[in-house]
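J.: Before I ask anything, let me first share the structure, which is written out below as structure tokens.
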Amino acid sequence: MSDCIFCKIVNGEIPCYKVYEDAEVLAFLDISQTTKGHTLVIPKEHFDNILYCPEDLLGKVIRVAQKIAQAEVTTLGAQGVNIIINTNEVAGQTVMHFHVHVIPRYSDNDKLRLEFLSNKLEKLNLPSIAEDISKSIK
Ligand code: AMP
Ligand code: ZN
């Protein structure tokens with residue numbers, strides 16, 4: 001028995017409002033609807049976060065996120081979508097089973113603010129940072 005709440009959803013031990021399911025991927029409504037239709041997409045197999053998800057499976061999870069985003073635009077009337085992956089506690093991850101948030105956006109006053117994206121650090125050595133990241137990509 002896993003203590004992971006999303007593994008429990010995969011195993012049917014706790015309920016969810018299912019949006020999509022195939023052999024490897026499950027999508028269900030987030031219990032706290034940031035906007036109407038806020039959906040989580042997860043691999044059925046447990047990986048703590050995106051850092052540990054094998055690439056083939058990651059591709060499948062992201063493809064399902066895209067399909068759900070498309071459905072939210074065509075069916076729910078969303079004008080846009082935020083697709084968000086929080087990774088580790090410092091980045092706001094509270095459930096340690098890899099998941100992708102698909103959050104439909106209806107207007108610029110829907111109370112969802114991605115304030116961290118407007119943070120502007122100054123005086124960083126961008127060439128050096130780019131090189132550090134680039135050289136350690138496997
Ligand atoms: P994160 O902060 O990225 O780890 O997001 C975890 C998300 O899981 C939050 O938005 C929660 O509202 C959501 N959540 C937690 N428990 C459940 C549950 N039982 N069913 C659906 N969503 C859940
Ligand atoms: Zn899990």
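The values are calculated or read from the model by the stated rules, or taken from the named source; none is laboratory data. Note that the structure is predicted; figures quoted are calculated from it, not measured. Every residue, glycine among them, receives a Cβ derived from its backbone with ideal geometry; neighbour counts consider all protein chains shown. To get the accessible areas, we keep the full protein, side chains included, count just its heavy atoms, and leave off ligands, DNA and RNA. Shrake-Rupley method; radii C 1.70, N 1.55, O 1.52, S 1.80 Å.
J.: If I go through the stretch 31-69 residue by residue, how many of them are of a type outside the set (Ser, Thr, Tyr) and assigned to a strand (DSSP E or B)?
T.: The number of residues fulfilling the criteria is 4.
J.: Continuing with the same structure: Can you give me the number of residues within the stretch 80-92 that are within 16 Å of residue 38 (Cβ to Cβ) and either within 16 Å of ligand 2 (Cβ to nearest atom) or outside any strand (DSSP E or B) (or both)?
T.: 3
J.: Regarding residue 74, is this residue closer than 30 Å to residue 109 by Cβ and without any contact (Cβ under 8 Å) to a residue 12 or more places away in the chain?
T.: yes
J.: Could I ask something else about it? If you go through the stretch 39-48 one residue at a time, do you hit one that is at negative phi, more than 11 Å from ligand 2 (Cβ to nearest atom), in contact with a strand residue (DSSP E or B) (Cβ under 8 Å, 6 or more places away or on another chain) and of a type in the set (Val, Ile, Thr)?
T.: yes
J.: Before we move on, is residue 138 more than 16 Å from ligand 2 (Cβ to nearest atom) and either exposed (fewer than 10 other Cβ atoms within 10 Å of the Cβ) or among the polar types (S, T, N, Q) (or both)?
T.: yes
J.: So, residue 103, is that one assigned to a helix (DSSP H, G or I), in contact with a strand residue (DSSP E or B) (Cβ under 6 Å, 6 or more places away or on another chain) and over 29 Å from residue 138 (Cβ atoms) or not?
T.: no
J.: From the list 27, 23, which one is hydrophobic (A, V, I, L, M, F, W, C), open to solvent by 30 Å² or more (accessible area, probe 1.4 Å) and either assigned to a strand (DSSP E or B) or more than 16 Å from ligand 1 (Cβ to nearest atom) (or both)?
T.: 23
J.: Would you please list the contacts, defined by Cβ atoms under 8 Å and residues six or more apart or on different chains, that run from a residue in the stretch 6-35 that is under 16 Å from residue 71 (Cα atoms) to a residue that is open to solvent by 80 Å² or more (accessible area, probe 1.4 Å)?
T.: 20/67; 26/18; 27/18; 27/21; 28/17; 28/18; 29/17
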